[in-house]
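Notes follow once the structure below has been shown.
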Amino acid sequence: MKRGSIMANQGRKLFILTASIGTGHSQAARAIAEAVKRLHPEDSVSVLDFVSSNMFSIDHIIKDTYLKMIDVFPELYDHLYSDSQSSKFGQLSQKMLSLTFKRRMKSLIETLKPDAMIFTHPFPAGAADLLKQDQNISFPMLGVITDFDIHQLWVDHYLDGYCVATPDLKTLLESYHIPPEIIHVTGIPVRRAFYEKAAEGKPFEKGTVLVMGGGLGLGNVIDNITRLDEVKEISKFIVITGKNINLYEKVAMLSEKLHHPVELHSYTNKVAEIMARSELLVTKPGALTCTEALVMHLPMVLVNTLPGQERANAMHMKNQGCAEWVKRDELPSTVKHILTNPDLRLRMSKACGESLPDSESDVVRILYDMMNK
């Protein structure tokens, strides 16, 4: 197990289990851990990555297969994702994965002796659910779903509670025979820095377009920048390439040939500050990135949607009115249209709404209510 942030205090021991298959799950875990430290400093909280560091482990193989499939065969992944929803195939897949990780989870629990666990990824949640079914677990367990969709892999009947992003997802989870009283609409947890930066209310930098591809740097960022370089209304690009070092080098080389200046960042903890400076965000619709933009009241243009849950994320943002969801060839004209229509941008910004400003605190409150029963 790879240890994330650890707050070593006296008191109860809480563990947040995530999986580094994409960075959204881990970012949500960090946000919850920050809230525990702020609200209950007497207790300790640790963020653990459930994905094994052994490159030959089954979860490492699953991670590599997932990343390669969405990059090379996105339609195949989309087909598999759709087929595994509410189907016997999905139920069987969940059962097999949970059984695969059950022994690792049991060993982990025996070592850690937790007072409670939170899960931001379905792999560890499913394994723990099997153990609780066997009556090997007595402490509270809370699942936090970090998308605007619910996959079959998240349907566990022995977790003590769920946190979901919207009322519609609560209804959807109820359709899987999860008791409504244990499903809580909290929104998706993001770090406190985004709320604090949004509260400052500083004006954005006119014409500054932020281009992101998620924490893994996916989403055809090079193509997006090249197309957007045609838009004269853009004054500057800010590009965040995440953990993709190869992409960082490519953008650095490309920037020398562009008409517009480029401010380039790799993986950074200053996303809130950067979003506050930007007039518009161009990104693939990862749920955490979109939620961070909602908190910042930053209008979005969503492009290069990855298959599976990102389609649901994009549809949710579009329906809310805070984002345009476009094809690649529509990207320059859409960005130009927003930048040349201040009233449209203002409407999109207002459509971001309040976005449940204490999501991470609500998750922590729900967990402590469980522990104190």
Is it the case that the range 169-182 has a residue that's within 26 Å of Ala35 (Cα to Cα), assigned to a loop (DSSP other than H, G, I, E, B) and open to solvent by 30 Å² or more (accessible area, probe 1.4 Å)? no
Could you tell me whether the range 109-130 includes any residue that is under 21 Å from Ala29 (Cα atoms), surrounded by fewer than 22 Cβ atoms within 10 Å (Cβ to Cβ), at pLDDT below 90 and of a type outside the set (D, E, K, R)? no
Given the residues Arg104, Arg38, Arg30, which is the only one that is crowded, with 20+ Cβ neighbours inside 10 Å and either modelled with pLDDT of 85 or more or closer than 30 Å to Ser359 by Cα (or both)? Arg30
What's the number of the condition Phe123 fails, among (1) touching a His at 6+ places or on another chain (Cβ under 9 Å); (2) of a type in the set (Phe, Trp, Tyr); (3) assigned to a helix (DSSP H, G or I)? (1)
Being of a type in the set (Phe, Trp, Tyr) and either at pLDDT 95 or above or buried (at least 21 other Cβ atoms within 10 Å of the Cβ) (or both) is the filter here, so list the residues in the range 206-250 that pass it. Phe237
Criterion: within 30 Å of Arg38 (Cα to Cα) and either modelled with pLDDT of 95 or more or touching a Phe, Trp or Tyr at 6+ places or on another chain (Cβ under 7 Å) (or both) - qualifying residue of Ser333, Ser355, Ser266, Ser359: Ser266
Scan the range 69-87 and tell me whether some residue there is open to solvent by less than 20 Å² (accessible area, probe 1.4 Å), modelled with pLDDT of 85 or more and part of a helix (DSSP H, G or I). no
Hits in the range 242-265 (condition: of a type in the set (Asp, Glu) and outside any loop (DSSP other than H, G, I, E, B)): Glu249, Glu263
Selection count where residues are part of a helix (DSSP H, G or I) and surrounded by fewer than 16 Cβ atoms within 10 Å (Cβ to Cβ), scope the range 134-167: 1
Given the residues Thr268, Thr226, which is the only one that is outside any loop (DSSP other than H, G, I, E, B), on the phi < 0 side of the Ramachandran plot and out of contact with any Asp or Glu (no Cβ under 9 Å at 6 or more places or on another chain)? Thr226
Quick one: is Lys270 without any contact (Cβ under 8 Å) to a residue 24 or more places away in the chain and out of contact with any Pro (no Cβ under 6 Å at 6 or more places or on another chain)? yes
Of the residues Thr283, Thr334, Thr268, only one is in contact with a strand residue (DSSP E or B) (Cβ under 7 Å, 6 or more places away or on another chain) and closer than 27 Å to Leu14 by Cα; which? Thr268
In the range 27-42, how many residues are in contact (Cβ under 8 Å) with a residue 40 or more places away in the chain and either in a strand (DSSP E or B) or over 15 Å from the mean Cα position of the chain (by Cα) (or both)? 6
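The values are calculated or read from the model by the stated rules, or taken from the named source; none is laboratory data. Everything numeric in this text was worked out from a predicted model, so none of it was measured. Glycine also receives a Cβ, built like all others from the backbone with ideal geometry; neighbour counts cover every protein chain displayed. Accessible surface is based on the protein model in full, side chains and every heavy atom, while ligands, DNA and RNA are left aside. Shrake-Rupley method; radii C 1.70, N 1.55, O 1.52, S 1.80 Å.
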